[in-house]
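Any read-out appearing in this document is the output of simple, stated calculations on the displayed coordinates, not a laboratory observation. Owing to the predicted nature of the structure, the values given are computational and were not obtained by experimental measurement. A quick note on method: Cβ atoms are made from the backbone with ideal geometry, for glycine too, and the neighbour counts reach across all protein chains shown.
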Amino acid sequence: MLLSDKLSKTLLRTTENYIKALEKGGIITIADLLNHFPRDYDDRTNVLDNFSLLNVKEKNTVLVKLLSISSQKTGNNKLLTKAVLEDKNGFLSEAVWFNRKYLSTQLKSFENKKIIISGKVKYSFGKVTFQSPETETDLEKISGEIVPIYPEINYIPSKWIEGKMILLKNFIKDISEDLPEEILKKYGFISRRDAITRIHFPKNKQDIEQAQYRLAYSELFDINFRSIGEKYENFKNSEGKSIATSLNPEKVKEILSFFPFEFTNHQKISLFQILKDMEKTHCMQRLLEGDVGTGKTAVAFVGAVHFILENRKNQNVQVAIMAPTEILARQHFGGMQNFLLNFGISSELLVGSLTEKQKKSVKQKLKNGTVDLVIGTHALVQEDVEFANLGFVVVDEQHRFGVKQRETLEKGFGNKSGIIPHNLNMTATPIPRTLALTLYGDQDLSIISEYPKGRKEIFTKVAKNEEQRLQIENFVRAEVEKGRQAFWISPLVEESEKVDLANAINTWENLKEIFFPFKVGLLHGKMKPKEKDQIMQEFVENKIQILSSTSVVEVGVDVPNSTIMCIEGAERFGLSQLHQFRGRVGRGAYQSYCYLFPTKGQYTDRLKAMERTNNGFELAEIDLELRGPGEVYGIRQSGIPDLKIAKLTDLELISQIREDIEEIFEKKKISGT
């Protein structure tokens, strides 16, 4: 039989029901089951019999008498199972489990008998409690061995899986190596075969540690090798086809002197990384990641101006900046025009709402090369848009565009000169460095997490009761009377767009009553793009004082006069989204505020974190800890498989692996293979 062969009831000595249950859980072949690794181990080389010897920092395995076990439903409809345990000296402790449907029934017949219990303990109020421990009723298992504990597969318990793994041991010899020879030698790694053997059948703790590290390295190596491989493939394909532009420090100083503020150190470092990339004869592929208000756009603009000016003596080059919405594109264009005039750089705007005549005029200028820089939306990637010599592309909020849309600009389709432009993608979603390295491994990474000097923190508070809510409403009215403006976000109801819309309309109606005679606008996802842009423009112009919206409030839109962000049903949003909403205010000279209105009794850890810090990267780390990478960042959608051993949060290991892979590709580049 082969590793790729399907599992059968004959091989596993089981029934068809178990085979079907395994298939439902995604375990179909022999290889699938061998790659189902233990989540933990029960170390029976040191079985205790006395609660006084327990270590609260580690897992403990103890021989106890089970005095009683029972289950009951809790107030929030969870199944709580409790057991009372006794050690050899007659001291008592408790064990608790949640939603373990059959456990009480399975252990009932062992009341007043000895069992083995294994897990972490908590000591509080003079009582020792085991939290979700593993149990073993076969006392012959006190054998001094280390027992693997497997994640359940479609309700199939760990003990069953452990028993079947021994039947597959002979197939391990057929497992092939998955790391290059040079990596195995560099770290003195054991073979993959040996690692799989040790992970399932360890003799000691060292076996487990060696196997886990070796298999974690393999998992992360595979993911990162593919993405870095894509980056080097793009470098190879664009070699000699991109415009190499030498970094001119004096020119950079001159450009920076026109800004009314000094760049932060993080902005300067990111700018240097971008300009050094553009010195190469292959295309830059860089992601600029920065928290809201840290000045990513300014960095991109300086890069664009330097690129145009430094190439002028030899050729006219063009830059395209693509934004996800028209209002954001117009905002960039309006903020840039006067700045560009200082350097004699011509610019145009290309968006959907222009007349056909205006669009035709802009497209003609792009085609014949009489415009240096264009800012636009999806309108830039239409089939009839051609460039004379497009050399640099900036995509703002890159995740908002499809791959094909971005490629039209990034790969230079429609570029008459045949040049492949340098690419800079930007995102305002703070992502922990480890995840950004893996999710966007085909790009080099620049991070701006430093805020400009003198920027005021946004005061954030959770309204815990009706009295606090009324105080906040009175405060909002006072601010609006001073001429300020406010956003008011309605909760997201994932199950139903209709309910979502109804909530927004209901909130809007209430706000009109509460804040009469001030004008309250309504923005929601069912509106046409032109309607949305019109409402946002009226808000920007202060024709609307309070904007009631669903979660469609655009990232990056600048309304300096807006100082208050109120969010209903705040517990329904992730930390990253709450932080993005908060980033819509605090963009002017005035002190800004963010108020969170959770559903009654939902004062969660996420909301406490929002009160505690304004730093988006700190919040991203907290969100990652609370919810895990899959839920926070949609890992599956990104094409990254579920990891069995490795953690996407292991910065040290990921950084080392990426260095190793870069070294492999650099050697190939030098040797020409």
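Among the trypsin sites (Lys or Arg not before Pro) within the stretch 190-272, which fall in a DSSP loop and have no more than 16 other Cβ atoms within 10 Å of their own Cβ? Before the final figure, lay out each step's value.
Details: sites: Arg192, Arg193, Arg198, Lys203, Lys205, Arg214, Arg226, Lys231, Lys236, Lys241, Lys251, Lys253, Lys268; in loops: Lys203, Lys241.
Taking the stretch 190-272 and a limit of 16 other Cβ atoms within 10 Å, the loop trypsin sites (Lys or Arg not before Pro) found are Lys203, Lys241.
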Using the Cα gyration tensor of the stretch 249-429, with a ≥ b ≥ c the square roots of its eigenvalues, what is the shape: rounded (a/c below 1.5), prolate (a/b larger than b/c) or oblate (neither)? rounded
Karplus 3J(HN,Hα) series, Hz, for the stretch 450-464 with 6.51 cos²θ - 1.76 cosθ + 1.60 (x for Gly, Pro): 9, 8, x, 4, x, 6, 7, 5, 7, 5, 10, 9, 9, 7, 8
Can you run phi through the Karplus equation (6.51, -1.76, 1.60; θ = phi - 60°) for the stretch 186-192 and list ³J(HN,Hα) in whole Hz, with x for Gly and Pro? 4, 9, x, 5, 6, 5, 4
List the trypsin sites (Lys or Arg not before Pro) within the stretch 1-86 that DSSP assigns to loop and that have no more than 11 neighbouring Cβ atoms inside 10 Å. Arg13, Lys57, Lys78
Counting only C-alpha contacts under 8 Å and six or more residues apart, can you give the relative contact order of the stretch 249-429 as a whole percent? 27
Given 10 Å bins starting at zero, what is the percent of C-alpha pairs of the stretch 169-209 in each, up to the one with the largest pair distance? 29, 49, 22
Per residue Cα convex hull volume in Å³ - calculated over the stretch 378-479: 209
Could you pull out every residue, at least 5 positions away or on a different chain, whose amide H is within less than 5 Å of the one on Ile156? Hs are placed 1.01 Å off N in the peptide plane, and Pro or chain starts have none. none
To the nearest 20 debye, what is the magnitude of the charge dipole of the chain about its Cα centre, counting +1 on the Cβ of each Lys and Arg and -1 on the Cβ of each Asp and Glu? 540
Sorted by chain and then number, the residues having a modelled amide H within less than 5 Å of the amide H of Ile321, at least 5 places away or on another chain, are Val374, Ile375, Gly376, Val394
From DSSP H assignment alone, runs of 4+ in the chain each adding -39500 (n - 2.57), the sum over residues rounded to the nearest 500 puts [θ] at 222 nm at -12000 deg cm²/dmol
How high is the relative contact order of the stretch 37-89? Use alpha-carbon pairs under 8 Å, at least six apart in sequence, and give a whole percent. 32
The long-range amide H neighbours of Phe387, using H built 1.01 Å from N in the peptide plane and a cut-off of under 5 Å, are Asn415, Lys416
Normalise the Debye intensity by I(0) for the stretch 15-58, one equal point scatterer per Cα, no solvent, then take log10 at q = 0.27 Å⁻¹ and round to two decimals. -1.04
On each of the three principal axes the extent of the alpha-carbon atoms of the stretch 139-287, given in whole Å and largest first, is 80, 36, 32
Between the alpha carbon centres of the stretch 349-394 and the stretch 449-471 the gap in Å comes to 41
If you take the Cα atoms of the stretch 57-104, find Rg, then find the Kirkwood Rh from the mean of 1/r over all pairs, what is Rg/Rh? 1.04
Taking one equal scatterer on every alpha-carbon of the stretch 459-613, how large is log10 of I(q)/I(0) by Debye at q = 0.08, 0.09, 0.12, 0.13 1/Å? -0.20, -0.25, -0.46, -0.54
For the stretch 65-182, what is the per residue volume of the convex hull drawn over the alpha-carbon atoms, in cubic angstrom? 207
Tally Lys/Arg at +1 and Asp/Glu at -1 over every other residue whose Cβ is under 12 Å from the Cβ of Asn60; what's the total? -1
Cβ under 12 Å from Lys186's Cβ, Lys186 left aside: what net charge do those residues give with Lys, Arg +1 and Asp, Glu -1? -4
Between Lys169 and Asn55, what FRET efficiency comes out of the Förster formula 1/(1 + (r/R0)^6) with R0 = 25 Å and r the beta carbon distance, rounded to 0.05? 0.15
Rounded to whole angstroms and listed largest first, the alpha-carbon spread of the stretch 1-110 along its three principal axes comes to 53, 38, 26
Could you give the length gained on full extension between Glu663 and Asp138, defined as 0.36 nm per residue of separation minus the Cα-Cα distance, in nm? 183.8 nm
So for the pair Glu145, Lys647, with labels modelled 7 Å out along Cα→Cβ, what separation do we get in nm? 2.9
Any chance you could give the angle, 0 to 90 degrees and rounded to 10, that helix 529-540 forms with the longest Cα principal axis of the chain? 80
Compute, for the stretch 41-148, the length of the dipole vector about the Cα centre, with Cβ point charges of +1 (Lys, Arg) and -1 (Asp, Glu) only. Units Debye, rounded to 20. 540
Relative to the compact globular guide of 2.2 N^0.38 Å, what is the alpha carbon radius of gyration of the chain, as a ratio? 1.15
